[in-house]
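Reviewing the structure listed below.
Coordinate-derived values only; no laboratory data. Just so you know, these numbers come straight off a predicted model, no measurement behind them. Every residue, glycine among them, receives a Cβ derived from its backbone with ideal geometry; neighbour counts consider all protein chains shown.
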Amino acid sequence: MAVVRRKKLVTTKEVTKMLKVSSEVITCLRQNDGLPFVRNSKYILFSEPEVIRWRNQQLINDAKSVLNLKEYYDTIRLNRFVPYDEFKAKVREIAFLDGDSVIQYLKRQSPLKDIQNLVGDIVSEHWNSFKPRCSKCGNVIVSSLDKGLCASCKPRIKGKGLLQ
């Protein structure tokens, strides 16, 4: 008796994580570059093993190093905001790495832009951590007169406005 193997079908969202590209790029790859897919009634699904095989073939054929991550980290002086190991772990989630080299394996992929967006998020998060926060709800306190509570959390006295 032959063993029937069921292919694990995954969604576009899961494929974006596997290929480390946006969902728009997945559509282009499916339509133009031969990314294998399965049409399941009205949904488009992907066979996980076939997508991994396709990705590995692309990595073998078209991979090129586009950035040395350590040099980039040192050049932009990101050490003031985040340690290198933590930065590298975050980059590994959005781009393929070979040691300290960022790999681009698709023409439509833009790992440099993704890394720049990540750096912006890291720096923004760092500076936002210094903003005063409401002790009750956690929202940013806008006024320098308010100490501890934001305008919506301050107690109100009927007919008198905010309690001072």
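A compact table of results
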{"item": "Cut-off under 5 Å, modelled amide H: who pairs with Ser101 long-range", "result": "Leu69"}
{"item": "Acute angle (nearest 10 degrees) that the helix 84-94 long axis makes with the longest principal axis of the chain, alpha-carbon atoms", "result": "60 degrees"}
{"item": "Between helix 111-128 and the chain: long-axis angle, C-alpha atoms, 0 to 90°, nearest 10", "result": "20 degrees"}
{"item": "Longest site-free stretch - the chain; sites: trypsin sites (Lys or Arg not before Pro), DSSP loop, at most 14 other Cβ within 10 Å", "result": "43-76"}
{"item": "Proximal charge balance of Asp62 [Cβ under 13 Å; K/R count +1, D/E count -1]", "result": "+3"}
{"item": "The chain: most fluctuating residue of Ile103, Ile141, Ile44 per GNM, C-alpha cutoff 10 Å", "result": "Ile141"}
{"item": "Ranking of Asp114, Asp74 by count of other Cβ atoms within 10 Å, fewest first", "result": "Asp74, Asp114"}
{"item": "Average Cα contact separation per residue, region 9-62, under 8 Å, 6 or more apart, as relative contact order %", "result": "38 percent"}
{"item": "Efficiency of FRET from Cβ geometry, Glu125 and Lys154, R₀ 30 Å, rounded to 0.05", "result": "0.65"}
{"item": "Derived scalar couplings ³J(HN,Hα) [region 7-13; Karplus, 6.51 cos²θ - 1.76 cosθ + 1.60; whole Hz; x for Gly, Pro]", "result": "7, 6, 9, 10, 8, 4, 4"}
{"item": "Fewest-first sequence of Leu97, Leu106 by Cβ atoms within 10 Å of each Cβ", "result": "Leu97, Leu106"}
{"item": "Sorted largest first, extent of the chain alpha carbons per principal axis (Å)", "result": "80, 46, 32"}
{"item": "Within-13-Å neighbourhood charge of Arg108 [Cβ basis; K, R +1; D, E -1]", "result": "0"}
{"item": "Residue with peak Gaussian network fluctuation, the chain [Cα springs, cutoff 10 Å], from Val140, Val102, Val66", "result": "Val140"}
{"item": "Exposure proxy order (Cβ contacts within 10 Å, fewest to most) of Cys28, Cys150", "result": "Cys28, Cys150"}
{"item": "Sites Ala89 and Lys113 - FRET efficiency at Förster radius 22 Å, r taken between beta-carbons, to 0.05", "result": "0.70"}
{"item": "Residue-wise HN-Hα coupling along region 32-46, computed from phi with Karplus coefficients 6.51, -1.76, 1.60 (Hz; x: Gly, Pro)", "result": "10, 10, x, 5, x, 9, 10, 9, 10, 6, 9, 9, 10, 10, 10"}
